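Below: one structure, written as structure tokens.
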Amino acid sequence: MRQLWHETGRARVLGTAGSLEDQIRAMLVSCSAPSPDEILQELAHGDRQAWIDSVRVYDDTLSTLNTLRGQGYQLGLVSNCSCQALDVMKAKGIAPLFDTLALSFELGVMKPDPEIFLAACRALEVQPDECVFIADGAGGEIEAANALGMHTILVLHSDQNRRHDPPTEYDHQVGSLAEVPPIVAALSSTGIERPADTRAGG
């Protein structure tokens with residue numbers, strides 16, 4: 001079961017494996033252990049709850065999102081994730097603070113594909129060069145945002161479990177989300193759009 005879970009990871013993140021119940025059913029069948037619907041529902045509920053219980057949101061996440069909303073900015077989330085992540089975002093009070101959620105399992109496309117970034121832009125009715133992309137830089141996401149003309153902020157939080165090398169090209173680096181609103185405010189005062197040749201790490 002563990003091996004099948006890892007092998008189907010990409011399909012779950014792209015949303016091609018069906019609902020969580022469908023995913024569990026398919027894996028159990030592959031293990032020659034089909035289960036009745038009530039057991040599948042119980043297993044799916046347990047998995048969702050395990051995600052919710054195990055995720056700890058940065059202490060400054062909600063306050064930062066509320067600060068940015070209070071300053072009048074539209075907020076979009078672009079994430080490579082499976083369906084359980086949405087349950088977490090709802091349970092932790094994160095999802096309602098965003099104006100749009102561009103989630104890979106719903107859109108069938110994942111970062112660093114430009115389309116997932118553009119989907120968020122279309123939902124917010126903005127151009128990429130009007131956006132600030134804030135992320136930890138995994139999987140080439142900062143580079144992809146840069147290529148679209150977005151202003152980028154790299155977050156190197158002390159609590160991150162870093163399994164990737166950080167990008168070398170970004171516009172700002174912060175150690176906590178609380179540092180983001182002043183940067184965004186400064187960008188807004190001068191105009192977020194910036195020439196391509198100003199992109200650099202620092």
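Taken together, the values in this text are just the output of simple stated rules run on the coordinates, not laboratory data. Given the structure is predicted, the values throughout are model-derived calculations rather than measurements. Cβ atoms come from the backbone with ideal geometry, glycine included; neighbour counts cover every protein chain shown.
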Query raised in the report: Going by how many other beta carbons lie within 10 Å of each one, how would you line up Tyr170, Tyr58, fewest first?
Result: Tyr58, Tyr170
Query - Using a Förster distance of 41 Å, the FRET efficiency for Cys31-Arg69 (Cβ separation, nearest 0.05) - result: 0.35
Report summary line: With Rg from the Cα atoms and Rh as the Kirkwood inverse mean 1/r over Cα pairs, region 2-54 has an Rg/Rh of 0.96
**Report entry** FRET efficiency, 1/(1 + (r/R0)^6) with R0 41 Å, evaluated for Ser189 and Arg163 via beta carbons
**Finding:** 0.65
Requested in this report: Rank these for me by crowding, Met89, Met27, going from fewest to most other beta carbons within 10 Å.
Outcome: Met27, Met89
Report summary line: Computed on Cα atoms, Rg of the chain relative to 2.2 N^0.38 Å comes out at 1.12
Query raised in the report: Among Trp5, Trp51, which comes first, then next, by fewest other beta-carbon atoms within 10 Å?
Result: Trp5, Trp51
Requested in this report: Quote to one decimal, in nm, the extra length available between Trp5 and Asp59 on full extension: 0.36 nm per residue of separation minus the C-alpha distance between them.
Outcome: 16.4 nm
